[in-house]
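Notes follow once the structure below has been shown.
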Amino acid sequence: MDPPYMQLRRDANQILSLMDQGFPLSLGDEERKSIITETGKVLHKLDSLERNVLGIGLLGGTGVGKSTLMNALAGSKVASASHRRPHTDHVLIYRHADVPQLPFLDRSEVPFHEITHSISSIEQILLCDLPDFDSIAAEHRERVIRFLEHLDLIVWVTSLEKYGDARFYEFLRSTPKSKRNFVFVLNKLDLLFQEDLQQGYELLSRTLKSFQNHLRENGIEEPILYGIAAENPLLQDHAAVWNQLPLFRQYVFQQRDIKEIRSIRTANLDVEVRSIFSILEREAIHLRTLEQCIETSLREMETRKAAWLTEAEKRLSEWLGRVWTSLLLQKHGSSALIGPGQAIELLIGEFRQMWKSGEKSVEASSPAPPSDLVALFKTQVEEMKDGALRGMLLHSLPASLMERIETLLNVSRRVENFEQALSRSMAVQEQTLPSPSFHGFRFVQHFMYTALFLVFLAAIGGKEAWEGILAGPDWRTALGLLLSWVDTLFSGKGLAALATYVALNLYVGFRFFRSHRRKVEKIASYGVRQRVKGILDTWENHIQSVADELQGFRNDIQSKISFIEGKGVVGKQ
């Protein structure tokens, strides 16, 4: 569990983060500035609080395992053999690198050597390895005793071999520090269990009782005593149920938290944070309602989505059919039609250009979607937005929340992006349009026009000329047929035949023109059926992006609600 000050700091930083993100949405500028100011004050006070660490002094004789105990307390190697005292009267101080040096050290009479570490579990604990009492010169003992006055907790460490040392109790009696801050640790008890387990427990009970009696005889009526084996605790803890090292660690960290909570109460920080949360509680109510409105809108969208896409597919198919028919006619019209049919196609094309000179040409490879398609998409997006806004109006939510929804959805921007994406998708699909072959169609046209021409020649050649060439085909009869054509062509009969021939050519050409157009429309229709799904995916993705943004906003709101309603662990204490 994190220290209380860290929980307060996390809550305060989260409040500032909410402000930076535009939350709470319904607060006015003045109220928002007030929250930012008050939260800044809390963080400033927390900066001072972080320096209020728990000072622990470890006192003991030579070889009782103080360094091992510190490592076990930290859960990592904080003290090592390389950390030697410059002199026997120096205090070794282990301080986290992020915690500034404590002011009392500047005034200390005892020389000390400071070692910094980065172990987060003991960040708010200052470990002071005091000189071994059995090696302190008499003239230095008083200064060490005065050093103890600056510490919060004194851990008296002894071992199985040394707990009866008279010098230990002599030093204990000479210490004026409040006995309530004393903790006694009897280390190296694993030596009792090296042979028989049952015998070990009996020896442990007698040893602890003996140590307690010694302490009572020296003025400690109710000693806080832990029997431990600090060496390799991770290997022993599972099996050594007698080892009270975990209980000792728990006690130390409880003392750390108690000191921090007392400091928080003294600085009134928890009350200040709760007062800020009380302002945010109103926002949590609004956000909960907003979250429900968005949820309702998303459900409605999911219900209507299939109908929207069906209508979109219908409109897209109609538009693509027209566009791709025009495109195929433009690419293959002149090459597929010959003679009168080609002339009719060119003539109709000219008339269309004349009548539609003010409209966009279809010559572009990917014409922009028509306004009715864009309007349909816009209507669908606006229906989603209106669904959320209706619920917000019904619950009388602040206008600032509605503005946030308007800004989030931004219909005009989405419509513009949709139009561009649809054009790109259209261009991609156009690249796969089939390139039809009209070789057979052109052969039929050649055959028909040739047949009409032969009938026309037969009509204006005259009966006698044809009988002559059939009876004896030579140059004289051929010349006679040619003269008959010329003579008849400029007669009333010939002109009537010519008019009939031209009319038949135009009629047949128009039929070929219509037939060609139907073939192209059929090809375009097939292309639409095969490719409209890919273009419809673009439509669906843009509709879904609106839902995804609303869902993302809803998730964000839920996290804000959880934080505000939770008020942080410290805020609820």
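No value in this document is a laboratory result; all are computed from the given coordinates. All values derive from a computational prediction rather than experimental measurement. Note that each Cβ is placed from the backbone with ideal geometry, even for glycine, and that neighbours are counted across all protein chains shown.
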Review point. For the peptides 7-20, 301-314, what is the packing order when you average, over each peptide's residues, the other Cβ atoms within 10 Å and list the highest mean first?
Key: 7-20, 301-314
Exercise for review: Quick one: which residues, 5 or more positions from Asp134 or on another chain, have an amide H under 5 Å from its amide H? H modelled 1.01 Å from N in the peptide plane, none for Pro or chain starts.
Suggested key: Thr62
Study note, to complete from the structure: Using alpha-carbon positions, the gyration tensor of region 51-267 gives root eigenvalues a ≥ b ≥ c; with a/c under 1.5 called rounded, otherwise prolate if a/b exceeds b/c, else oblate, the class is prolate
Study note, to complete from the structure: Sorted by chain and then number, the residues having a modelled amide H within less than 5 Å of the amide H of Leu126, at least 5 places away or on another chain, are Leu54, Gly55, Ile56
Study note, to complete from the structure: By the Cα gyration tensor axes a ≥ b ≥ c (a/c under 1.5 gives rounded; else a/b larger than b/c gives prolate, otherwise oblate), the shape of region 280-567 is prolate
Review point. Which distance in nm do the two modelled labels at Lys41 and Ala496 give, with both placed 7 Å along the Cα-to-Cβ direction?
Key: 11.5
**Study point:** Per-residue HN-Hα couplings for region 404-420 [Karplus 6.51, -1.76, 1.60; θ = phi - 60°; Hz; x = Gly/Pro]
**Key:** 5, 5, 4, 5, 4, 7, 6, 4, 4, 5, 5, 5, 5, 5, 5, 4, 5
Study note, to complete from the structure: Quick calc: nm separation of the 7 Å Cα→Cβ label points for His439 and Lys533 -> 3.2
Revision key, fill the gap. Checked against a 28 Å limit on the C-alpha separation, the offending pairs among Lys188/Lys259; Lys33/Lys385; Lys385/Lys560; Lys493/Lys519; Lys45/Lys66; Lys314/Lys519 are Lys188/Lys259; Lys33/Lys385; Lys493/Lys519; Lys45/Lys66
Study note, to complete from the structure: So, over other residues within a Cβ distance under 12 Å of Glu419, counting Lys, Arg +1 and Asp, Glu -1, the net charge is +3
Exercise for review: Name the long-range amide H neighbours of Arg95: under 5 Å, sequence gap of 5 or more, or other chain; modelled H, no Pro or chain starts.
Suggested key: Ile115, Thr116, His117
Check your understanding: Can you put Trp319, Trp475 in order, fewest other beta carbons within 10 Å first?
Key -> Trp475, Trp319
Review point. Applying the Karplus parametrisation 6.51 cos²θ - 1.76 cosθ + 1.60 with θ = phi - 60° to the phi angles of region 395-401, what ³J(HN,Hα) value in whole Hz is obtained for each residue in order, glycine and proline being reported as x?
Key: 9, 6, 6, x, 4, 4, 5
Exercise for review: Please list 59-68, 249-258 highest first by mean number of surrounding beta-carbon atoms within 10 Å per residue.
Suggested key: 59-68, 249-258
Practice item. Provide the per-residue ³J(HN,Hα) series for region 337-342, in order, calculated from phi with Karplus coefficients 6.51, -1.76, 1.60 and θ = phi - 60°, each as a whole number of Hz, with x at glycine and proline positions. Key: 9, 10, x, x, x, 5
